[in-house]
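Here's the structure, in structure tokens; my notes come after.
The values are calculated or read from the model by the stated rules, or taken from the named source; none is laboratory data. No experiment lies behind these values; they were computed from the predicted model shown. Cβ placement follows ideal geometry from the backbone for every residue including glycine, while neighbour counts extend to all protein chains displayed.
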Amino acid sequence: MRGRARDYGSAGLVKERGRPNKLTGRQIAQAWRWRQDVVSDVVIGQRFGVAGTTIARALSAHPAPDQAQVETPGGLQLDLEPDLEPDVEVGAGGAARVGQGVFFSR
């Protein structure tokens, strides 16, 4: 305990909560390079021994190194993405049908 307190301060004495990450930062960076080479998430997941959905979630949570981030007052960082306005047709009974656009599903 003394060694952890010396190395990490008082934060080193607290037990980490939650599930440990499946991918390290280095693996996420490598996954971005493979994705830029047009390798599918399933193949990248097989290379790391995880599911393709794990790769997709990790890459969506950590933006690509070359994507521009804008700093705002207060130190917040925002990812800028183009706004896509879908065509929505409202039918009888209030049901809406999406005509065009890009939509991401879980």
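Is it true that some residue in the range 68-81 is modelled with pLDDT of 90 or more and surrounded by fewer than 10 Cβ atoms within 10 Å (Cβ to Cβ)?
Within the range 68-81, the first condition is being modelled with pLDDT of 90 or more, and the residues that meet it are none.
Looking through the range 68-81, none of the residues is modelled with pLDDT of 90 or more and surrounded by fewer than 10 Cβ atoms within 10 Å (Cβ to Cβ).
Close Cβ contacts (under 7 Å, 6 or more residues apart or on different chains) running from residues in the range 1-29 that are surrounded by fewer than 10 Cβ atoms within 10 Å (Cβ to Cβ) to residues that are of a type in the set (A, V, I, L, M, F, W, C) comprise M1/L13. Total residues in the range 1-31 satisfying the condition of being within 18 Å of the chain's Cα centre (by Cα) and part of a loop (DSSP other than H, G, I, E, B): the figure is 7. Restricting attention to the range 32-60 and to residues that are on the phi < 0 side of the Ramachandran plot and among the small types (G, A, S), the residue that is nearest to the chain's Cα centre (by Cα) turns out to be S60.
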